[in-house]
Every structure is written in structure tokens, then in C-alpha cells.
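J.: One structure, as C-alpha cells, below. Some questions next.
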Amino acid sequence: MKMLKTVKFIRCQRAGFATASLATNKRLPVITGKRTQFNLFVDQLGALSGQGKKFGEVDLASAGWRHRRSVGDFFTLHPIKPPFEAHALSNVSFAQLGIRQQLIANLKEKGVLYPTAYQAEGIPAVLTGSHVLLAAETGCGKTYTYLAPIMEQILQRELHERPREFNSPLVLIMTPGRELAQQIGRVIESLVEGTGIKSRVLLGGRTKQQMMNPHFEEIDVLVSSFGALSKLITCGIYKTDQVRWVVLDEADTLLDDSFNSKLLYLMKRFPFHKNHLYELGDNIQGTQLVLAAATMPSNMTELLEQILNVETMEEVVSPNLHRLMSHVTQRFMRVKKTDRENMLLDLVRKDTNRRRPTIIFSNKTPTCDFVSMYLNEANIPCVNLNGDILLKLRLGQFEKFQQGEINVLSTTDVASRGLDTTRAAHVINYDFPLYAADYIHRIGRIGRVGSRGDCLVTNMVSSQAEIGAVQRIEHSARIDSPLEKVDANVKGIIRKRIERSSGMAQ
């Protein structure tokens, strides 16, 4: 895809941090570990960064971790920068960006006083009416980046005041999961208070009931998990002829092989315009597409070409996309699989004593269930969240953690995409993720705008596949570069591996 616009930020130079540390006769660490010969300091980065060092050409602390005697080894990535530049507040106001005072007042009620640097670039892009890709690291405010300008456009044109049939929304916001849909719905409610804009959230799990006994109402903004929305549109309960904005939140997940065939079928219902909306006149019949994501699938351009001219899409891309969070401590520990239970219990007990909210990630549902039961039996209240839990049990689980009722959340990657977890301070990867995109999303639950300053990631590494993933992360940290081969289309990666294996077998 042709890049039409890239966010430009004033970058904090590592050299500045190195100079400051040397001035106090201290060396600022980048990586330290059990074996000190692999320690790396900021003033040494210049010899590695920008040199195009390929994987395998840099000495790694984790290089020997495939040997059974490496159990007990560890290394730590230290914070060497303030939060990403995209998280920093900009020097412009929401009013200067074109957002009206009523929306600004509602933002202030939620503690959002000034736009972040990323929002200052993204909001004008959405306001122009062009198709927009909002690609940036987690936690820099992408939700308000598209919501504020879309609501502004609705109010400018008074579209919400024009007569429409029931269940004929102006805006469709699709998400891969229910918790994210609920979260976005709450954000919209607070943003549009007093404007007359009506919103509704649809959740999966009760689709048949909604089809048998549909609810009809005036609605402007409809937020839904993709599965439920697709079924209710197909059966005609919700109409698409008045939709002027389609937003794919966590677009990387929605565009992967798990969703994309059904998603494209649904998307072909919308008349995605070739040019800017403003060029189509007062009786606008075109639909604007907005994609928001922290990682992107490699097949995105190929998929989007089936529904629109990708050359009309404006890209607002953070320079820190796919980078490790340089403002959060990340610990990597080589452990035996059988030792993880005791280590986890010790870590969570310490967090409980410090009142530090903790999210524990597992790769599969059975492990996630086990972690929750294990901690609860140890008298540590822990809430369980995964995609296999029945809807009536799943609803409200995440809110217990968000509201501070419970400080420990055991989950799968269902909670790694998009959820606003600013109260979380510690992410524990009980199972280390095998794909770079999953690691980026998981650690993005902390170190967000509004998060506390002592955030921490603890990674337990036990299997050979996990070690390979860790080595690539360490390599990126040592050469100060974004993670390589970050493809959010995990199902597509697996499919291609199977196809290659089948081809070799033949």
C-alpha cells in the first residue's frame, strides 16, 4: 500500500540519555542478565543500531537457552526512554484540530484535556473524509482519534437529525471481541452526551434470541463484535443503506484468515467512495472506511483492493509501530515448565501485597482455566476470561478487574487486543507467545497513556518454540530496531506452514 502520510514526531535521542548518564558517572543499562558478559549499555548501542545486523549476527544472552543447563538464566530489558512520542501531549488543542466545544467538554470530563501527538495527526486525517489507516503502538489513544472526528462530522451535517428508518445506523464499528465492543460503547456514550447522537452495543452469544425477537429503535452509532453484526445485517434486522462510516477496530485481527472471507462479503454492501466525502456533494452516498490497529496482517492490501482503491487511503503511521516498549521493564526467565506454578504464585503474592494489578496470559484456554483455579485455591482472588466461557458467565468478568473489585486477571489473547487496561501494572506471560504480534499486543496492556510509572512485564520461557521467539525479541532490542516479520495474521502463518510442509512431503 502506498504511504500517503506518516506521523512525524520529535524523537528523544538515545544519545541524550547516554550523555546524561555519563555526566553522573553512571552507565544506563539496556540489557542486563545473569551472565554479565552479555550486558549492554546505552553508550554501546551505536555500534549495533543502524548497522543492518541480521538475526544470528549479534551475540544474545538467550543464545544458549536451548540447552537444559540454561534453566535459571535470565535477562532484563530496561526502560531507557520516556513513553513513546505518540503518547506525549501535542502543542495543539482539540479546538484547533476542528473538534467542537461540546465534544471537547465531554472529553475533559473523562480527563482528556489535550490530544496526544498521534491524535493531533490522526484526527485531521479522519476529518478530511478520506479512507484512513490508523496504525500505531497500543495505548496512544487511537479510539478517540477516530471517534472525535466522526462525531464531529455527524454534528456538522446534522445527519443524526434527519429522518431514517429504525435500525439504520450512520456508523458501524466492528471489533473482534465482546469486551472491546462494550468498552468502545462506553467511550461513545460519554463522548456524545448532550449531543443527541444515539448509540447501541451488540454482543454475540444471543444472536438467535435477537433474530427471533428483534429490537427496533432510532440509532446513529452501532458497535458490535463482528459475528453478531454480520448475522443481524444478513437477516435484515439492521440496515446498511444509510451507513456513512465503517470502522474496523483491531483491524489486524478482523483482516486475518479467521474473519476475512466473511468480512469482505459484508463490506461489499457499502459504497466505499473513490475520493473524499466532501467532494461528493450534500447528498453524500459514499462510505468512509477507518482502520485502527497496532499490528497489521501482511495481506491487508490484497484484501482491501477487493472493496476500494487503496491509493485513496491515507496512512497515519507512528514511527514506533512494531517497536518494543522502551519505557517498560521486561524480564525474561528461562524456567522449567514444572516450576512455573510456584514462580507464578510467588510473583502474584508480591503483586497482591503491593496492590499491583496483574494480567496473566496463557496461550490456550485450559491453561488459562488452570491458572485461575490455582490462584483462587491459594486464596488469591482471580477472574478468568477466555473465548470459551459462556456469554452469561463472561459478561462482567473484565469489568471486575477494571473496577478494582479483583486485581488479578487470567486470560488468553482475547484480552490482548484493544482493551483499555490503564490500571494494570504487571503483565505475566505464563505461556510465552509464539508470534511477535501477540507479544506486542500483550505488553501493550501496560505502559499506556494514564498508566502508572512502575509497569513491568515478566516472561516465563520454557519450550524450544518459545526460546526462538525470545531470541528474535532480544535481537531487536540489541540493534534498536522494530521487531521483524510482525504479521498479525497468525492463522495465515500456520496455514502457509502446513502448505509448505505438505509440499515438501510430496
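J.: Regarding Lys350, is this residue of a type in the set (Lys, Arg) and within 26 Å of Arg334 (Cβ to Cβ)?
T.: Against the criterion (of a type in the set (Lys, Arg) and within 26 Å of Arg334 (Cβ to Cβ)), Lys350 qualifies.
J.: Follow-up question, since we're still on this one. Restricting attention to region 107-131, and to residues there that are without any contact (Cβ under 8 Å) to a residue 60 or more places away in the chain and of a type outside the set (A, V, I, L, M), which single residue is farthest from Arg323 (Cα to Cα)?
T.: The residue in question is Lys108.
J.: Follow-up question, since we're still on this one. Of the residues Thr422, Thr412, Thr358, which single one is more than 28 Å from Arg69 (Cα to Cα), surrounded by 20 or more Cβ atoms within 10 Å (Cβ to Cβ), at pLDDT below 95 and among the β-branched types (Val, Ile, Thr)?
T.: Thr412
J.: Can you tell me which residue is modelled with the highest pLDDT among those in region 80-94 that are over 21 Å from the mean Cα position of the chain (by Cα) and loosely packed, with under 15 Cβ neighbours inside 10 Å?
T.: If we take residues in region 80-94 being over 21 Å from the mean Cα position of the chain (by Cα) and loosely packed, with under 15 Cβ neighbours inside 10 Å, then Ser93 is modelled with the highest pLDDT.
J.: Restricting to region 19-49, and then to whatever is under 18 Å from Glu474 (Cβ atoms) and at pLDDT below 75, can you tell me which residue is surrounded by the fewest Cβ atoms within 10 Å (Cβ to Cβ)?
T.: Filtering first and then ranking leaves Ala47.
J.: In region 252-274, which residue that is part of a loop (DSSP other than H, G, I, E, B) and modelled with pLDDT of 75 or more is surrounded by the fewest Cβ atoms within 10 Å (Cβ to Cβ)?
T.: Lys268
J.: Which residue pairs have Cβ atoms closer than 9 Å, lie 6 or more positions apart in sequence or on different chains, and pair a first residue in region 397-422 that is farther than 21 Å from Asp249 by Cα with a second residue that is open to solvent by less than 30 Å² (accessible area, probe 1.4 Å) and acidic (Asp, Glu)?
T.: Gln397/Glu179; Asn407/Asp351; Val408/Asp351
J.: Also: Among the residues of region 215-226, write down those that are open to solvent by less than 40 Å² (accessible area, probe 1.4 Å) and either modelled with pLDDT under 80 or not in a strand (DSSP E or B) (or both).
T.: Across region 215-226, the qualifying residues are Ile219, Asp220, Phe226.
J.: Let me ask you something else. Consider only pairs whose beta carbons are under 6 Å apart and that are at least six residues apart or on different chains; among these, list those whose first residue lies in region 132-158 and is within 15 Å of Leu289 (Cα to Cα) and whose second residue is modelled with pLDDT of 90 or more and basic (Lys, Arg).
T.: Leu134/Lys142
J.: Okay, moving on. Does any residue of region 310-329 turn out to be surrounded by 15 or more Cβ atoms within 10 Å (Cβ to Cβ) and closer than 25 Å to Pro381 by Cβ?
T.: no
J.: Looking only at residues in region 95-115 that are open to solvent by 50 Å² or more (accessible area, probe 1.4 Å) and of a type in the set (Gly, Ala, Ser), which one is modelled with the highest pLDDT?
T.: Ala95
The values are calculated or read from the model by the stated rules, or taken from the named source; none is laboratory data. Quick caveat, the model's predicted, so the values are computed rather than measured. In this analysis, Cβ positions are derived from the backbone assuming ideal geometry, glycine residues included, and neighbour counts consider all displayed protein chains. Calculation scope for accessible area: heavy atoms of the full protein, side chains included, ligands and nucleic acids excluded. Shrake-Rupley method; radii C 1.70, N 1.55, O 1.52, S 1.80 Å.
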